[in-house]
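Trainee: The structure is given below, and queries will be raised subsequently.
The values are calculated or read from the model by the stated rules, or taken from the named source; none is laboratory data. Keep in mind that this is a model prediction, so the values were computed, not measured. Positions of Cβ are generated from backbone atoms using ideal geometry, with glycine treated the same way; all protein chains shown enter the neighbour counts. For accessibility, only protein heavy atoms count, side chains too; no ligands or nucleic acids. Shrake-Rupley method; radii C 1.70, N 1.55, O 1.52, S 1.80 Å.
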Amino acid sequence: MRRVLFLLLFVPGVLLAHTAQEPAHLGNAGVSGRWIVATDYFGSTIYYRMELKQEGEKLSGNFGGDKLEGALKGNAVYFMATDEEGGTDEGKGTLQGGTITGTVVFTHRNDPEHPTHKFTAEFVPARRAGAAQRHEFVPTTFYRQFSAANKPVLTIAPGDTVHTTTVDAAGKDEKGVSRVLGGNPETGPFYVETATPGDTLVVHLTRLRLNRDWAGSDDFLVGRAVDSDLAVKMKDGGKMVIWHLDADHGMATPQKPAEHLARYAVPLRPMLGCVAVAPSASQAAPGTGDSGRWGGNMDFNEIVEGATLFLPVSVPGALLYVGDGHAAQGDGELNGNALETSMDVEFTVDVIQGKRIPGPRVESATHIMAMGLDGSLDDAFRAATANMAAWLAEEYKLTPSEVAQVLGTSAEYKVSEVADRNAGIVLKINKERLKSLASAAN
């Protein structure tokens, strides 16, 4: 059973924001709906998502993704969830108002102690009624870990838009003032109402604009990019290179170009190196230079204005981070840095309830893109392929044979990242190839 997926230190008031917006599940009128279960696990809190359907006294649904059966008699709640290996979670509790309190016993082959833990369960708030809101957020604190323990800077709802800014990878703002120690400091986290473990957070990047006229990079090539001969030739690399950003003409040029680069210029294409949700805190919080299924320091140069990102939610509220703005970047981030700069950022969020995805996904006007992030390019390639195969099976109802035929004829691969601990590979499919599939699936 997947029983340490949603571990984090409990912060009162953060489990479910804006509880006044909950649906009217008060009294003992019923328990059907989505719940967040906070289990006291030796002083820490493990979060589970529970879905209940009530028919008379009978309960059905799932607990942490496993099939659940149980009963509600008066205000006494009982449930038993069973996984594919025969492990069980047996819960007993009391319903009072919109809260269930009680104990749960975990019985699994890998834990012969069969521990009993106290739990509290609350309804997931309903989506906020009324018009979506626009938030102007001026950051004063920047975080250097993608941690679920970081206090949210702002609570937003699905449909809301946030306009904010980021500092560059070295911690400098739009005025060139150092605001925080470097290492990809992040703006956020933003708590997204109704987002619960097992959901997918949707982030629409509606605006990514430069807010200063310079960027920093260097003249180094990362180890994954060089053989032994090239490594020797590059041994003196690593010097700072400052670039001038000409927003009026949409071009970047070296501020003090070397002899053969006097006329060298590259088109500006602002992007975010980092977009992340908080990963499950059952693991140590990763630094903001790292990446994984939660997103993070993906350094994919198609995360630009107009792109939509899909990230798997692992903790209540998702806890969204953005940062590491790049004025331009080639595939792979071969210098270890791109054209690092601060950024003016606007995004809109949404939540797809009950949809689990294996890793980050991106959609543009022309392509769907599945990311693979792993310790080697081979493993990242496999992860990207598996991510896209799952996407095609979910959205277009394709069989494994059909998935293979589509991938074999339409897959486009990009090396997105080779500069950090995890390498990145992205599998792209042009939407034109999918039009007939969409028709067949509907």
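Trainee: Report, to one decimal in Å, the Kirkwood hydrodynamic radius for the range 257-353 based on all distinct Cα pairs.
Mentor: For the range 257-353, inverting the mean 1/r across all distinct Cα pairs yields 14.9 Å.
Trainee: Can you give the accessible area per residue of the range 208-271, in Å², using a 1.4 Å probe?
Mentor: 69
Trainee: Let me ask another. Quick one: putting +1 on the C-beta of Lys and Arg, -1 on the C-beta of Asp and Glu, what dipole do you get for the range 260-403 around its Cα centre, in Debye to the nearest 20?
Mentor: On the way: 8 positive and 18 negative charges, 46 e Å.
Dipole about the Cα centre, nearest 20: 220 debye.
Trainee: In addition: For the chain, with all protein chains present and a 1.4 Å probe, just round the carbon and sulfur fraction of the accessible area to a whole percent.
Mentor: 53
Trainee: Next up: For the chain, what is Rg from Cα atoms divided by 2.2 N^0.38 Å, rounded to two decimals?
Mentor: Relative to the 2.2 N^0.38 Å estimate, the chain comes out at 1.06.
Trainee: What aspartates and glutamates sit close enough to Lys175 to cross-link, taking a C-alpha to C-alpha distance under 20 Å and skipping anything fewer than 8 places away on the same chain?
Mentor: Glu136, Glu186, Asp213, Asp246, Asp248, Asp324, Glu340, Asp344, Glu346
Trainee: Heavy atoms only, probe 1.4 angstrom, no DNA, RNA or ligands counted: give me His117, His204 ranked by accessible area, highest first.
Mentor: So the residues, ranked largest to smallest area, are His204, His117.
Trainee: Rounded to the nearest 10 Å², what accessible area does Lys435 have for a 1.4 Å probe in the complete protein model?
Mentor: It works out to around 120 Å².
Trainee: How about Lys435: which lysines have a C-alpha closer than 25 Å to its C-alpha, ignoring those fewer than 8 places off in the same chain?
Mentor: Lys355, Lys397, Lys414
Trainee: Could you give each residue of the range 93-100 its phi-based ³J(HN,Hα) in whole Hz, using Karplus coefficients 6.51, -1.76, 1.60 with θ = phi - 60°, and x for Gly or Pro?
Mentor: For the range 93-100, the Karplus-derived couplings read x, 10, 8, 9, x, x, 10, 10 Hz, x marking Gly and Pro.
Trainee: So which residue, out of Gly332, Gly74, Gly238, gets the largest mean-square fluctuation from a GNM of the chain using Cα contacts under 10 Å as springs?
Mentor: Taking springs between Cα atoms under 10 Å, the residue moving most is Gly74.
Trainee: Follow-up question, since we're still on this one. Which value in deg cm²/dmol, rounded to the nearest 500, describes the helix-derived mean residue ellipticity at 222 nm for the chain, given -39,500 (n - 2.57) per DSSP H run of n ≥ 4 and division by the residue count?
Mentor: Dividing the helical sum by the residues of the chain leaves -3000 deg cm²/dmol.
Trainee: For the range 196-260, build the charge dipole from Cβ charges (+1 Lys, Arg; -1 Asp, Glu) around the Cα centre, then report which of Thr200, Met251, Asn211 sits farthest towards its positive end.
Mentor: Farthest towards the positive end: Thr200.
Trainee: HN-Hα J couplings of the range 406-419 from phi, Karplus 6.51/-1.76/1.60, θ = phi - 60°, integer Hz, Gly and Pro as x?
Mentor: Those phi angles translate into 5, 5, x, 10, 10, 5, 10, 10, 10, 7, 8, 8, 10, 8 Hz.
Trainee: Still on this model: Give, rounded to the nearest 20 debye, the magnitude of the charge dipole that the chain has about its Cα centre when Lys and Arg contribute +1 at Cβ and Asp and Glu contribute -1 at Cβ.
Mentor: The dipole magnitude comes to about 600 debye.
Trainee: Enter the accessible area of Leu320 (Å², nearest 10), with the probe set to 1.4 Å and all protein chains included.
Mentor: 0
Trainee: Can I ask one more? Using per-residue counts of other Cβ atoms within 10 Å, averaged over each peptide, order 189-199, 216-226 from highest down.
Mentor: 189-199, 216-226
Trainee: Let me ask something additional. Using the Karplus equation 6.51 cos²θ - 1.76 cosθ + 1.60 (θ = phi - 60°), what ³J(HN,Hα) coupling, rounded to whole Hz, does each residue of the range 102-108 give in order, writing x for Gly and Pro?
Mentor: x, 10, 9, 10, 9, 10, 9
Trainee: Dipole of the range 302-442 (Lys/Arg Cβ +1, Asp/Glu Cβ -1, origin at the Cα centre): which of Met388, Ile429, Leu398 lies farthest to the positive side?
Mentor: Looking along the dipole axis, the top candidate is Leu398.
Trainee: Please report, largest first and rounded to whole Å, the three semi-axes of the ellipsoid equivalent to the range 357-442, where each semi-axis is the square root of five times an eigenvalue of the C-alpha gyration tensor.
Mentor: Over the Cα atoms of the range 357-442, the ellipsoid semi-axes are 23, 12, 10 Å.
Trainee: In square angstrom, what is the accessible area per residue of the range 344-413 with a 1.4 angstrom probe? Please report the intermediate quantities before stating the final value.
Mentor: Values: 3090 Å² over 70 residues.
It amounts to 44 Å² per residue over the range 344-413.
Trainee: Pick from Val415, Val177, Val362 the residue whose mean-square fluctuation is largest in a GNM of the chain, springs joining Cα atoms under 10 Å.
Mentor: Val177
Trainee: Work out the charge dipole of the range 32-71 with +1 on the Cβ of Lys and Arg and -1 on the Cβ of Asp and Glu about the Cα centre, then indicate which of Gly65, Thr39, Gln54 is farthest towards its positive end.
Mentor: Towards the positive end, the residue furthest out is Gly65.
Trainee: Would you mind counting up the charge near Pro316? Only other residues with Cβ under 13 Å from its Cβ, with Lys and Arg at +1 and Asp and Glu at -1. Show your work: numbers first, answer last.
Mentor: Values: positive: Arg34, Arg49; negative: Glu122, Glu193, Asp199.
Net local charge, Pro316 excluded: -1.
Trainee: Please work out the ratio of the alpha-carbon Rg of the range 204-281 to 2.2 N^0.38 Å and round it to two decimals. Let's see the in-between values first.
Mentor: Numbers: Rg = 16.5 Å, N = 78, 2.2 N^0.38 = 11.5 Å.
The value comes to 1.43.
Trainee: Largest first and to the nearest Å, give the Cα extent of the range 180-228 along each principal axis.
Mentor: Computed over the range 180-228, the largest-to-smallest principal extents equal 50, 32, 24 Å.
Trainee: Under a plain spin-label model, where a point goes 7 Å from the Cα along Cα-to-Cβ, how far apart in nm are Ile242 and Glu432?
Mentor: Here the answer is 4.5 nm between the modelled labels.
Trainee: Classify the range 113-220 from the C-alpha gyration tensor, please: rounded if a/c falls under 1.5, else prolate or oblate depending on whether a/b exceeds b/c.
Mentor: Oblate.
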